[in-house]
1. Among the residues of segment A:8-18 satisfying the criterion of being surrounded by 14 or more Cβ atoms within 10 Å (Cβ to Cβ) and within 11 Å of chain B (Cβ to nearest Cβ), which is modelled with the highest pLDDT?
2. Take the residues of segment A:214-241 that are among the aromatic types (Phe, Trp, Tyr) and at the interface with chain B (Cβ under 7 Å from one of its Cβ atoms): which is nearest to B:Gln167 (Cα to Cα)?
3. Regarding A:Ser206, is this residue buried (at least 22 other Cβ atoms within 10 Å of the Cβ), small (Gly, Ala, Ser) and within 13 Å of another protein chain (Cβ to nearest Cβ)?
4. Could you identify the single residue in A:Ala292, A:Ala327, A:Ala254 that is surrounded by fewer than 20 Cβ atoms within 10 Å (Cβ to Cβ) and small (Gly, Ala, Ser)?
5. For segment A:8-48, name all the residues that are among the aromatic types (Phe, Trp, Tyr) and assigned to a helix (DSSP H, G or I).
6. Of all residues in segment B:5-19, count the ones that are surrounded by fewer than 22 Cβ atoms within 10 Å (Cβ to Cβ) and among the aliphatic types (A, V, I, L, M).
7. Restrict the check to segment B:39-59 and report whether at least one residue is within 18 Å of A:Tyr226 (Cα to Cα) and more than 16 Å from the chain's Cα centre (by Cα).
Amino acid sequence: MSARFEATGGARRDHLLLAGFALVVLTMPLWMRPFGAAYPDLLQRFAIYGIFAIGFNILFGLTGYLSFGHAAFLGVGSYAAVWAFKLVTVNVLPAIAFAIVVSGLFALAIGYMSLRRSGIYFSILTLAFAQMCYNLAYSVLTPITNGETSLQMARTDPRILDTWLFGPSPLIPSTHLFGMEMKGYPGFYFCAVLLIVAFYVAMRISRSPLGTMLRAIKSNQNRLNYTGVNSRPYALAAFVISGVYAGLAGALLACTDPLAGAERMQWTASGEVVLMAILGGVGTLLGPFVGAVIIKYLENIFSAFNEQTLHSVFGFLPDGVENVVVAVAGLFVGEGWHLTLGMMFMLLVIFLPGGVMEGARRLGGLWRTGVAAPRAGVRRLAPSDSPSVGGGE
Amino acid sequence: MTMALLQVQAVNKSFRGLRALSDVNLDVEEGSVHAIIGPNGAGKSTLLNCFVGRLAPDTGSVLFDGKSLVGLSPHQINQAGVARVFQTPEVFLDLTLEENVIIPALARQDGPFRLNAWRRLGSRAAVREKAQHVLEDLGLAASRHRTAGTLSRGDKRRLELAMCLVQEPKLLLLDEPTAGMSRADTERTIELLQRLGERRITKVIIEHDMQVVFSLASRISVLAQGTVIAEGDPAAIKGDPRVQEAYLGGAVH
């Protein structure tokens, strides 16, 4: 706790955390290999949804406002990026900048209206706005979104800047960063660098006066208002920042695969980011990324397991037992990976409401008391833990 | 004649035809400790809510430092220099004591909204120093890294007072500051408030407990059925037959 305030010591600890995070993210292609997840498409997804979840946590984790419509900003970011590819250039930087601006404006409008209410009403309002965006994308807005066929690049797109610089292209060009194509590992490393930047920004926000005000909103908004703080613009700032994160994630989805479909905005996608935050640990810096990795891993790896894989895993068992075990386990993999996710989520919420990060903290605590067992009793009697504090004046 | 810090003029407030306040007039002089007492349902809380922007009076005016408070929202009234303590202590339960006091100090320095998303809170030395000073003053410094939710009720009240004092308000509103407290906590709170009296912050105290009122107030207004039935210094109020009637006999004529 005190780390938030120690100006120099706290900053040093944060830089260590950032360095550790960067190392873990950039070496994912190595240490993900034993888990069978070291292929660039999935790694890109880890990084992109990590950004989405970290941004979502700035709103939900700090202010406690539970948005059920954040996928709308993800979708808006994707559409904006693809339009930038179509109209201006297939370089990803302008597309990302454009997506950030557009999703930020969207978040400003939706947040301004939704934040008039709090609690469940706020959640319902955001859900309604997101579903509205989703349905509009399929109906009235098809000239912009291309409806069910999804928005894609075409050979006939103007791409003004590219045509002006390099002449018309005979093929559909692929997205790139100054010549580096956004496919495979280069795409992953690009997303990873942005993830690290996003993590750093979230960390700065969390340690800043803004972060403290946002936590105060979660803790006691009424008190905050009577303390001379206008809480609405603070909450709106958090909403817009998290909307911009979602827009950035949407843009990166489009950068690595230039296609934007409305299903990205559906309420299930909004629910997924809530799950990521809760699974990893709401209000923690690392938790949302951990949650994003777990969910995307289950979605991609578990869902790919089939009966054959299971038979080879449980092959050591006697035949009769093996068949039973495979039949039961088969419910949890392949199409049934949602069952695994649901069970995991239930167990976690019941036994570890603080998510994976709380589990890690508890394990750390166990280890520490194990090491420092003789001192534990002394610490419990320390004056700072006594129930009353005002007596000694 | 100097102008009163808080002037309440002909304030009326009804709820669905029920008259909660009728023609209330009240002057709170600068530097005084003004108690508002009265039996249950006399309109004390309604009156206080008119001071802090929770309610707007139907008619009449509330002037603070010569400016009207009617129609302002709670944060604007606080920024004008009015801090309040709630009946049940309202603090930021999930935050540390230090953060609890830093937030009002920040609000005083940065105003109702300022986007400060990059600099570390720890680098705001002036605000931290102020908070530290107030925590020390109220005997809370040793536990400044604890979360406020772990405090006893008496200590939460103490913290709430620290949150108000760090703002150096011109007027401090205390809504039943000892409600629901043990005898010992009540006495400690009275002692604390008496000590704060030395700072000459103008205070308005809404209170049930006569012991609290007579040990703190320099002036007392008695409210019954929505009107001020008596006003004076503590000795005069003690001997006023109308006050005894309002408290003991119920209805006034």
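1. This residue is A:Asp14.
2. Once the filter is applied, the top-ranked residue is A:Tyr226.
3. yes
4. Values: A:Ala292 fails: surrounded by fewer than 20 Cβ atoms within 10 Å (Cβ to Cβ); A:Ala254 fails: surrounded by fewer than 20 Cβ atoms within 10 Å (Cβ to Cβ).
On inspection, the qualifying residue turns out to be A:Ala327.
5. Within segment A:8-48, A:Phe21, A:Trp31, A:Phe35, A:Phe46 meet the criteria.
6. Total meeting the criteria: 2.
7. yes
Here's the yes/no breakdown for (1) crowded, with 21+ Cβ neighbours inside 10 Å; (2) touching a Gly at 6+ places or on another chain (Cβ under 8 Å); (3) farther than 21 Å from A:Val293 by Cβ; (4) in contact (Cβ under 8 Å) with a residue 60 or more places away in the chain:
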position: A:Arg33; (1), (2), (3), (4): no, no, no, no
position: A:Leu62; (1), (2), (3), (4): yes, yes, yes, yes
position: A:Val76; (1), (2), (3), (4): yes, yes, yes, yes
position: A:Leu93; (1), (2), (3), (4): no, no, yes, yes
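The values are calculated or read from the model by the stated rules, or taken from the named source; none is laboratory data. Remember, predicted model here, so these are calculated numbers, not experimental data. In this analysis, Cβ positions are derived from the backbone assuming ideal geometry, glycine residues included, and neighbour counts consider all displayed protein chains.
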